[in-house]
Structure formats: structure tokens, C-alpha cells
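> Dropping a structure here in C-alpha cells format, bear with me for questions.
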Amino acid sequence: MPNKGAGERIRELRELQNYTREVFAEKVDISEKFLYEIEVGKKGFSADTLCRISQVLSVSCDYIMLGEEKEHRGMEKIICVLETIGPKQRSKVQDVLKMLSEMCDGL
């Protein structure tokens, strides 16, 4: 059964992580055409495909299907961004986050 909201969330997260439709479809082991049909709400997908999609996007199946924001949703977005940068930049970002955390502790 198609789920337009789930397809929109998949597309949004895929684009946030800078995956092309081609690369993402390959990672999930589905065709690019099928991914397009999911994203525009024309096709549904199996639980197995949902699990693979959620793993690649580093989000819960619940978020993809229901759009439920959870407490750690902000953390998932940070993880998505960190996965797109190299180790050297990641180290610098971690240093900045540590400084910000220490500043917040002092408030």
C-alpha cells in the first residue's frame, strides 16, 4: 500500500544526506525507478525494504512510516550530517560540539 508521507520523508532524508536517487537505490538494493515511485507515493514497499531504507538513512522505521518526531530526532540529523564529512572535518566538528556542551554546562 503506498504511503505518500513516507515517500516524502524518504526523499527529504535522502536529499539531506546528499544521496542521489541512483546511489541511494543501490545502497538499499532497489531500482532507481522503484525508489522514485516510493518517493512520489505511487508504490508501497515491504517491511524488508523499509528496514534497509531506515538503516541507510539512520532513522527509525517509525519515523519513516509515521513521521513521529522522537526526542533523539535532532541527534539523527546531526549524525546524518557527520556521515557526509571526512574524518578530519568530523574531528573539528566534534571539538566545536564539545566546546558548546561545556559552555551550556556553565549556564
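The values are calculated or read from the model by the stated rules, or taken from the named source; none is laboratory data. Because the structure is predicted, anything quoted here is derived from the model rather than measured. Using ideal geometry, Cβ is built from the backbone for each residue, glycine included, and neighbour counts are taken over all protein chains shown. Accessible surface areas use protein heavy atoms only, side chains included; no ligands, DNA or RNA. Shrake-Rupley method; radii C 1.70, N 1.55, O 1.52, S 1.80 Å.
> Read through the list (1) open to solvent by less than 50 Å² (accessible area, probe 1.4 Å); (2) modelled with pLDDT of 90 or more; (3) part of a helix (DSSP H, G or I), then give the number of the only condition that PHE34 fails.
Failed condition: (1).
> Do we find a residue being at pLDDT 90 or above, of a type in the set (Val, Ile, Thr), part of a helix (DSSP H, G or I) and surrounded by 12 or more Cβ atoms within 10 Å (Cβ to Cβ) anywhere in the range 93-100?
There is no residue in the range 93-100 that is at pLDDT 90 or above, of a type in the set (Val, Ile, Thr), part of a helix (DSSP H, G or I) and surrounded by 12 or more Cβ atoms within 10 Å (Cβ to Cβ).
> Also: If you check every pair at least six apart or on different chains, which have Cβ atoms under 9 Å apart with a residue in the range 1-25 that is closer than 14 Å to LEU50 by Cα first and a residue that is of a type in the set (Asp, Glu) and modelled with pLDDT under 95 second?
Partner pairs satisfying both residue conditions: LEU13/GLU76.
> Kindly list, by first and then second residue, each pair from a residue in the range 53-65 that is more than 15 Å from LYS27 (Cα to Cα) and open to solvent by less than 30 Å² (accessible area, probe 1.4 Å) to a residue that is assigned to a loop (DSSP other than H, G, I, E, B) and not acidic (Asp, Glu), limited to pairs with Cβ atoms under 9 Å and residues at least 6 apart or on different chains.
Note: pairs meeting the criteria are TYR63/LYS70; ILE64/ASN3.
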